[in-house]
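Asks: There's a structure below that I have some questions on.
The values are calculated or read from the model by the stated rules, or taken from the named source; none is laboratory data. Fair warning: this is a prediction, and the values are worked out from it, not measured in the lab. Glycine also receives a Cβ, built like all others from the backbone with ideal geometry; neighbour counts cover every protein chain displayed.
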C-alpha cells in the first residue's frame, strides 16, 4: 500500500486507495471526452482556441520586426475603430429587429382584432393561427436547412467560445443572417421566446466577422486586419460584441457590460472592460438617435414597445420594513420556481433532442406542433376571463381598437376589456409593460394572473428547444413579473408596495433563480425600469432567490453548456480537486517528436491522434542529454508539411525558416485549415526529415505531475490556456515539462487529458493493481 | 555578435545589442528595487503576499484531513457571515461618520452665521478659523503620533494590498480608529478633502480585522477563524470591505462593486463578484434603515446632506443632438484639467514629502498652514461676490438663518443671499448639491462660479498630502461640477441642457480625467443623482475625458502607488516586454538549498538575503541526478528553525513532520512573525542538518529563462503569483524550474528580480562584454 514517488522515496498513502479511485471517477464525470458538441442544432466537431502566446523563433522574430511604434498605433486605432463599428452595427441591427417584430406582430394583432370587432371569431383564430404557423415554419425551415447552428439562444455557444471552444460556422455570415431573420420571424409568430439571446449571438457574429473582414468565403479582408488573425484579439472583439447584444436588446449599456463579465467571459481585464463599455455606449447612442427618428411616426407600429423600457418612475416608490416579508417570500418562491424551471427545461430539451435527431422533418413537425399549441393557448385562454370595465382617467384609449394597444377588447362589450387578453394577445414586451405599470392594482384579477402564470411558465419551457433562434430572457422576465404581481395580490394589505413594483421584483427573483446572475440583473432591471430607488429591494430579492436556487441545481446556461457537450472550465476548483494530483488524470501514450524528426513519423502521429500540440525533445547530438525543447502545434506542423521544406538527413544544415516562411503563414485565419488527410506524400518524402526547431514554442506553461489538480486548474483557467482539461483533442498543449535523464526516461512530462470512457476504466483498474509503484504507472503513460 | 543559446546552437541576434540594453534599462525603470514604501505617511518595509497554494506534504496532508463536508460547510457559512458583518459594520461606520461630520460642521456654520447676523464679522472669522485649525490639528496630531499609516486617502494602500503587497499596520486596529476619528475631524474642519477614500480604507480595515478575529495584539480569535489565516481568504474579505466603503460613502452599492473591480483589484472571479455584491447590498439596507430612523429628527443637523444623494429627477431630462458639442467640449476640458490635476498633485506631493521628512513638527506646521489658508479662502473670497435677491417660489428658506442651509446670507441685506458663500461657506456635500440642483440657472453668477472653480481646483491640490486622513473623490466631484456649470453658462443658448445637468456631466468628466474610471463612475453618478436618462451623456463625456487625459499621464491612483513606492503589476504587458526574455531581467546569485541542508547555511542565507523563497534541490543520494524538488518559504524555514527539529547528520532517518508540526504552525496569522535575528543558535546546532523535504512546495509555477518577459508577466499577474517582478525581496518565489544535469549544472533555473541600480549597471556592462556567450551569463547568474 505504499505509493512510490518518482524519486524513489516512500511516503505513506495520503488517501485510501478506494477513496482516490472514487475521486478520479468523479473527476472523469466532471469532464467530458467527446470532441463533438451540439452547436445550435448541429453536432459539430469542436476545437480548442489557442490563447497562449506561441513563442517560437519565427513568430518572435516577426513580432520584434513589427513592434515599431507606427504598427502598434495602427493596431490600437484599428481595434477601437472595430469596436466603434461593432457598436454602430449592433445598434442598427437591434433597432431593425425590434422595428420588424413590432410591425409584423402589430399588423397581425390589428387584423385579428378588427375581425373580432365584427364578431368573426373563427376567422380571427384562423388568421392568427395560420400567420403564426407560417412565421414559425419560415423561421424553422431557414434554421434547419440553411444554418442549424443558429438555432436556440446562442448564449451557450458564445459562452463556450469565450471560454476557449471554437466550432465551425459558429460566427459565420450564414449564421448571422439566419439568426436575425429567424429571430424576427419566431418572435413575431407569438412563440413564447425572447430576442435577447439571439441578439447577443447576432452581435457576436458581427464582431467576429468584422475582425476577419467579412465572410471568409469571399476573402474580404485587408492588410490591416492581419493583426486580428489570432484567437486572443478575436476573443476581445467577441466579448465587445456580446456586451453590445445585451445593450441593444434591453437598451441597458451598463447591464450589457456586466452580463458579459458576470456570466459569459472567463477572461477579463481592465482594458477590455473599458473597450466593452465603449462599444455599449455607442450602441446606446445609436439606439437613442434611431428612436428619436421614429418619434416622428415614420416607423409604422413601432412605438414605446420597441425596446423594452418600462418607466416606473411615475409613482414615487416608498417602502419600509413591513414590506420585507413580501420580498423574502418572493425571493424564496423565485428560487424554487427558477431551479424547477431549469430542471424542466433540461428534461424537455433531452426529449426534444431525441425527436430532433430523427431528421429535419421531425424538427419541423415539432416546431409546427409547438406553434399551433401556442396559438391555441393565446387565443383560447382569454375566453376564460370575465370582462372588466375600462378604468377611468387613463391616457390610453380603452379598449384599444384598430391599433396594437394594451386594453384588448377581445370578446367584450364596448367600454370593457379582457384583462387576460391584454397579457396573452399582445407581444411579450407589451405584456411585460402592462404587468410593470404602476397604479394598476385593480386592472387584473387574481384568477387571470394565475392562468397567465401557469401558461407562461410552461409555454416558456416547451418553446425553448425547437429549431428556431429563440432566447430565454424575455420569457423569464415575463413569467417572473406574473407571479410577482400575483404575490402582490395575495399579500393584500400586508404590503404597501405597488403591484407594478411586485412585478419588477418578481422578474428579478426569477432571473436570479434561473440564470443566477446578480449584479447584472440588478443593473439591467434598473436600466429597464429607470428607477434607482428600487435597488435595495431588487438586490435583496436576487440574493435570496439565487441562494435558494443554488441549493438545487446550477444556472441555466451552465446546464445548457453541459447538455450541449461543450467542455467548460469553471472559475473555481472543486474541493475534491485538491485531493488529486495531475498524474491521476493524465493519460497516454505521450506522443512526442525529436527536434529533427522523420516526416513519416510526424504524418503517422498526426493521422492517428487528435492532439493539437506535441512536445518536442532535443536529443543528442543536439543537446548533451534529452531535454524538453518545447511544444509544436498541429496547425504549424500542417503548414510545414504542406510547404515540404524537408531535410535529406537528420544532421543536414538547418533550413532558413525566415526565408521560407513568414509569420502570416502561421496566422489563424478563422477558416478551417487543411487536414492531414488532404496532403499526399511520396514514399521518399516520408523518409526525409523535418526541422521543428524554429517552429517550436520554447516557453510553454508547464506543470509537474505532482501538482494538485486544483492548482493546475487555476493555471489553466487563469493564464488563458483555456484548453479545457476535458478536451482530449489538445492534451499536451501548454502542459508539458520535461526532465529527461540519459539513463532512464522517467518523464516528469505530463499531459492533462481525459481518456475515453473505456480507457479510463482500464486505467482505474491498472492503478488498483499496480498502485505500489507509481513509477511504472508514469512510464507506461508517457 | 552571435548569441549563443544554452543548448549550444547559434542563431542570429534578434535585436541590436544596444537596443536590447535600452530595453533592459526601460524594464528597470518600470520596476523598483526598494523593499520600502511610503505607507500612509510612514516609510515601512513592505512584503509580498503569498497567493500561491503552497503544496508541501504537510499542508496537503492537512487539507485532505480537513476537507470533510462539515468543514467545508463551516468555512462557507463563516465566510458569508463575515461578509454580512462587514456590511453591517461598514454601514454603521459610514452613517456615524456622516452624522458626526454634519453635526460638527453644521454647528460651526450656524454659530458663525449667527455672529455675522449681528455684524460681528471679525469674531465670526475668529471662531471659524480657530475651530477649523483646532479640528485640523487634532486630526493631524493623532495621525502623526498614533498612526501615520492612516494619513492620506488609503486607496493606494488598499490597491497595493489587493495586488499583493503587504505592509505592517496597514489594517491594524489603531489605523482603523485614527482613520475614522481623523477623517471626521478633517472633513468637519472645512479642509478641501473627501471622505470616500478614508471610508474605503476604514471598511477594508474592518474586513481584515474581522477576518483575524479582532486586533491581533489582544489575540482575539476563535477556532473557526483558522480558515482565514491565509492571504487568499484575507484578500477576498478586503475586496468585500473595499466595495462596502464606496457603497457607504456614496450610497452606491453597485458603484462600489464596480469601483473595486475596475480600479482596485487585479484578481477577480464570479464568486467574489457575488460576495462583494452581497456585502454592498447589506450596506445599502443598513444605511437606508438608519436614515429612516433619522427622519424623525433625532439626528441633530443630519439632514439630506448626510450621505450624498442628489435627486435630479425633479426635472424631466431632455436632450438632443444639438447638445453634443457642449458634451464634447466638457469631455475635452475634463481630460485636460484632470491630467493637469494629477500632474500638479504629484508635484505638490513631492514637495510635501520633502517637508514631511524633516520631522513631525514640520508635518503639523504644514497642516496648520493649509488649514489657515483654507479658512481665509472660505471666509474671504465670498466678499468678492455681490449679493443677489432671493428667488421666489422656492421651498427652502432664503436666506437660511439659524440653521445650516444653502442660501447663505453672509454679509448681504435681508432677502438677499451671497451665491459664492453658498458654495464656500458650506460643507462640500451641500456645495455639490447646490451645483447639481436643477432649475437654478439664474442662482449663480459666472464670476462667482469662476472664482469658486479656481479656488476649489487649487485647494484640492494643496490639501491632499497633509498628515490627515483625506480623500480625493469629493474634491474632484466638486471641482468638476463647478466647471461643468461654468461651461453651461458659457454655452448660453447654444445648449438646452439644465445647468444642474452640466454640473453632473462636469463631475463625470473630471472623474474620468483624473481617476480614469469609466463604468464605475457612470454607475456611481447614476446612483448619486438617481437619474438613468443621463446615462448616454455621462458615458460619452467619460469616454472623451479619459481618452484625452490618457494622452498625458496615467490615473491618479497609479501615480500615487508609484510615488509611494509600491511595486505594482499592471494587467497588460508593455510592448517592449515582448522583446526581452526573462533572463534579461533576472539577477543572481541564486540562493538554493539541498533537500537536507546544514542549519548553518540556512541561517547564513536567511541573514544575508531578503528573499522570501528558495529553490530546494534534490542531489545524490536522494536522487539520481540533481533535480529541482521545489520551493521553500522563508516563513516556513523560520518556523522550522524555531522548533529546532534538527538531524545529526545528513543521512539520518527523516523526522516525522506530521508528529512534530501541525498545519496551524505554518498559518499566516497577520502578525509579523519572528525575524531570523531573533533566533539564537548554539555553535553545534549550526553544524546539524535540517530536513526540508516535508516543507517544500513541490509544485511551484515555473518559467524557463527563454520565455518572453510579456508571457512571464501574464503568468505572474494571472495565477496570483502577485510577487511583483520588481520586488527584490521575493525574487525566486514561484519562478524556478530546474533541469540539472550531472555533468554540467546548466541551470534552466530562473528568477525574476531586479538588482539594485548599481548591480544593474554592472550587468548591463557584463552583457555588453560577454554577449557572445549567453551561456556564461546564465551560469554566472544561477
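Asks: Quick check on the stretch B:202-219. Is at least one of its residues within 14 Å of chain A (Cβ to nearest Cβ) and at pLDDT below 85?
Replies: no
Asks: Got a sec? Which of A:535, A:526 is under 23 Å from residue A:281 (Cβ atoms), over 25 Å from the mean Cα position of the chain (by Cα) and within 11 Å of another protein chain (Cβ to nearest Cβ)?
Replies: Testing whether each residue is under 23 Å from residue A:281 (Cβ atoms), over 25 Å from the mean Cα position of the chain (by Cα) and within 11 Å of another protein chain (Cβ to nearest Cβ) leaves just A:535.
Asks: Is it true that residue B:135 is crowded, with 23+ Cβ neighbours inside 10 Å, assigned to a loop (DSSP other than H, G, I, E, B) and in contact with a helix residue (DSSP H, G or I) (Cβ under 6 Å, 6 or more places away or on another chain)?
Replies: Answer is no for this residue.
Asks: Among helices (runs of 4 or more DSSP H) lying entirely in the stretch B:628-732, which contain 3 or more residues that are modelled with pLDDT of 80 or more and surrounded by fewer than 20 Cβ atoms within 10 Å (Cβ to Cβ)?
Replies: Filter on the stretch B:628-732 gives B:634-643, B:683-686.
Asks: I'd like the residue in the stretch A:597-622 that is surrounded by fewer than 20 Cβ atoms within 10 Å (Cβ to Cβ) and within 14 Å of chain B (Cβ to nearest Cβ) and, out of all such residues, is modelled with the highest pLDDT.
Replies: So, considering only residues that are surrounded by fewer than 20 Cβ atoms within 10 Å (Cβ to Cβ) and within 14 Å of chain B (Cβ to nearest Cβ), the one modelled with the highest pLDDT is A:619.
Asks: In this structure, is residue B:137 out of contact with any strand residue (DSSP E or B) (no Cβ under 9 Å at 6 or more places or on another chain) and under 30 Å from residue B:412 (Cβ atoms)?
Replies: no
Asks: On to the next question. Taking the stretch A:539-549, which residues are more than 9 Å from chain B (Cβ to nearest Cβ) and either more than 8 Å from residue A:335 (Cβ to Cβ) or buried (at least 22 other Cβ atoms within 10 Å of the Cβ) (or both)?
Replies: Matches in the stretch A:539-549: A:541, A:544, A:545, A:549.
Asks: Looking at residue A:503, is it over 25 Å from the mean Cα position of the chain (by Cα) and either within 20 Å of residue A:249 (Cβ to Cβ) or surrounded by 23 or more Cβ atoms within 10 Å (Cβ to Cβ) (or both)?
Replies: yes
Asks: I would also like to ask the following. Would you mind stating whether residue A:250 is over 18 Å from residue A:208 (Cβ atoms), more than 8 Å from every other protein chain (Cβ to nearest Cβ), touching a helix residue (DSSP H, G or I) at 6+ places or on another chain (Cβ under 9 Å) and surrounded by 22 or more Cβ atoms within 10 Å (Cβ to Cβ)?
Replies: Answer is yes for this residue.
Asks: I would also like to ask the following. Listed residues A:568, A:552, A:593, A:614; which is outside the structural domain of residue A:438 (by TED's automatic domain parsing) and more than 30 Å from residue A:693 (Cβ to Cβ)?
Replies: None of the others qualify; the one that does is A:568.
Asks: Search the stretch B:80-94 for residues that are without any contact (Cβ under 8 Å) to a residue 60 or more places away in the chain and pair each with any residue that is buried (at least 22 other Cβ atoms within 10 Å of the Cβ) when their beta-carbon atoms are under 8 Å apart and the residues are at least 6 apart or on different chains.
Replies: As it stands, the answer is none, since no pair meets every condition given.
Asks: Looking at the structure I just gave you, is residue B:25 part of a helix (DSSP H, G or I), under 28 Å from residue B:575 (Cβ atoms) and modelled with pLDDT under 75?
Replies: In short, yes.
Asks: Does the stretch B:163-184 contain at least one residue that is over 22 Å from the mean Cα position of the chain (by Cα), in contact (Cβ under 8 Å) with a residue 60 or more places away in the chain and surrounded by 24 or more Cβ atoms within 10 Å (Cβ to Cβ)?
Replies: No, the stretch B:163-184 contains no residue that is over 22 Å from the mean Cα position of the chain (by Cα), in contact (Cβ under 8 Å) with a residue 60 or more places away in the chain and surrounded by 24 or more Cβ atoms within 10 Å (Cβ to Cβ).
Asks: Could I ask something else about it? I'd like to know if the stretch B:75-85 contains one or more residues that are more than 14 Å from every other protein chain (Cβ to nearest Cβ), within 23 Å of the chain's Cα centre (by Cα), part of a helix (DSSP H, G or I) and modelled with pLDDT of 90 or more.
Replies: Checked the stretch B:75-85: at least one residue is more than 14 Å from every other protein chain (Cβ to nearest Cβ), within 23 Å of the chain's Cα centre (by Cα), part of a helix (DSSP H, G or I) and modelled with pLDDT of 90 or more.
Asks: Here's something else I'd like to know. Restricting to the stretch A:550-567, name every residue that is assigned to a loop (DSSP other than H, G, I, E, B) and within 13 Å of another protein chain (Cβ to nearest Cβ).
Replies: A:551, A:554, A:555 - these are the residues of the stretch A:550-567 that are assigned to a loop (DSSP other than H, G, I, E, B) and within 13 Å of another protein chain (Cβ to nearest Cβ).
Asks: Within the stretch A:379-480, considering only helices (runs of 4 or more DSSP H) that don't extend past its boundaries, which have at least 1 residues that are touching a residue at least 40 places away in the same chain (Cβ under 8 Å) and surrounded by fewer than 20 Cβ atoms within 10 Å (Cβ to Cβ)?
Replies: A:446-463
Asks: A further question on this structure: In the list B:351, B:286, which residue meets the criterion of being within 11 Å of another protein chain (Cβ to nearest Cβ), part of a helix (DSSP H, G or I), at pLDDT 75 or above and more than 18 Å from residue B:484 (Cβ to Cβ)?
Replies: It is B:286.
Asks: Based on what the data block shows, is residue A:519 touching a residue at least 12 places away in the same chain (Cβ under 8 Å), buried (at least 24 other Cβ atoms within 10 Å of the Cβ) and more than 28 Å from residue A:713 (Cβ to Cβ)?
Replies: Answer is no for this residue.
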